[in-house]
Amino acid sequence: KIRKLSSWMLTGVIIVSVIVLAMFYLGGVVDPAAENKEPVNTSLLLYWCYALFGVTMVCLVLFGIMQFFSTLKTKPKAALGSLVVLIAFVVLLGVTYAMGDATPLPGINVDSAQFNTAGWLKVSDMWIYSTYVLLGLSVLAMIAGSLKKVLNK
């Protein structure tokens with residue numbers, strides 16, 4: 001049942017993502033004569049990304065906590081491992097936030113200037129750097145899994 005639900009959720013997210021990307025790339029620009037062309041549906045794309053990040057973070061924390069408490073009763077050592085993963089994720093976010101650049105961006109329009117502050121810029125960098133790290137770890141996990149499978153044959 002969970003596999004069917006996750007398949008439908010993945011399909012839904014992919015369909016919405018394709019629609020949002022099509023609207024972003026094919027929707028035109030606000031002012032074709034402007035020096036910096038701004039696509040019409042930039043805010044839609046950003047809100048969709050924020051929603052995906054938010055849902056991902058909430059699910060990560062909730063499922064991590066649920067796994068910790070469910071395995072704590074039967075396997076305390078394994079429960080500690082799931083808690084370490086949550087702590088490592090919080091540390092990753094803290095480190096990438098500290099690495100973020102707080103230099104204001106030049107040429108920002110009036111509507112976006114309210115987000116051109118040190119805090120928001122560091123949060124944006126935090127998400128970008130965290131995405132890079134998690135993508136790299138995912139690739140390493142895939143390679144390690146493949147190598148393990150090949151070496152066990």
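Once the stretch 101-130 is narrowed to residues that are among the acidic types (Asp, Glu) and modelled with pLDDT of 85 or more, the residue that is farthest from the chain's Cα centre (by Cα) is 101. Residue pairs, Cβ under 7 Å, 6 or more apart or interchain, first in the stretch 29-40 and open to solvent by 90 Å² or more (accessible area, probe 1.4 Å), second in a loop (DSSP other than H, G, I, E, B) and among the β-branched types (Val, Ile, Thr). List them. Within 7 Å, the pairs are 30/40. I'd like to know if the stretch 26-34 contains one or more residues that are of a type outside the set (Val, Ile, Thr) and either touching a Gly at 6+ places or on another chain (Cβ under 7 Å) or closer than 20 Å to residue 134 by Cα (or both). Taking every residue of the stretch 26-34 in turn, none turns out to be of a type outside the set (Val, Ile, Thr) and either touching a Gly at 6+ places or on another chain (Cβ under 7 Å) or closer than 20 Å to residue 134 by Cα (or both).
Just one of 139, 133, 91 is open to solvent by 50 Å² or more (accessible area, probe 1.4 Å), closer than 18 Å to residue 53 by Cα and without any contact (Cβ under 8 Å) to a residue 24 or more places away in the chain; which is it?
91 is the lone residue from the list that is open to solvent by 50 Å² or more (accessible area, probe 1.4 Å), closer than 18 Å to residue 53 by Cα and without any contact (Cβ under 8 Å) to a residue 24 or more places away in the chain.
Inside the stretch 56-71, residues that are of a type in the set (Val, Ile, Thr), surrounded by 12 or more Cβ atoms within 10 Å (Cβ to Cβ) and under 23 Å from the mean Cα position of the chain (by Cα) make up a count of 2.
Out of 11, 96, 74, one residue alone is more than 24 Å from residue 128 (Cβ to Cβ) and either open to solvent by less than 90 Å² (accessible area, probe 1.4 Å) or touching an Asp or Glu at 6+ places or on another chain (Cβ under 8 Å) (or both). It is 11.
Counting only residues that are exposed (fewer than 12 other Cβ atoms within 10 Å of the Cβ) and farther than 18 Å from residue 57 by Cβ, the stretch 113-128 holds 2 of them.
The values are calculated or read from the model by the stated rules, or taken from the named source; none is laboratory data. Keep in mind that what you see is a predicted model, and the values were worked out from it rather than measured. Note that each Cβ is placed from the backbone with ideal geometry, even for glycine, and that neighbours are counted across all protein chains shown. Keep in mind that these areas ignore ligands, DNA and RNA; they rest on the heavy atoms of the full protein, side chains included. Shrake-Rupley method; radii C 1.70, N 1.55, O 1.52, S 1.80 Å.
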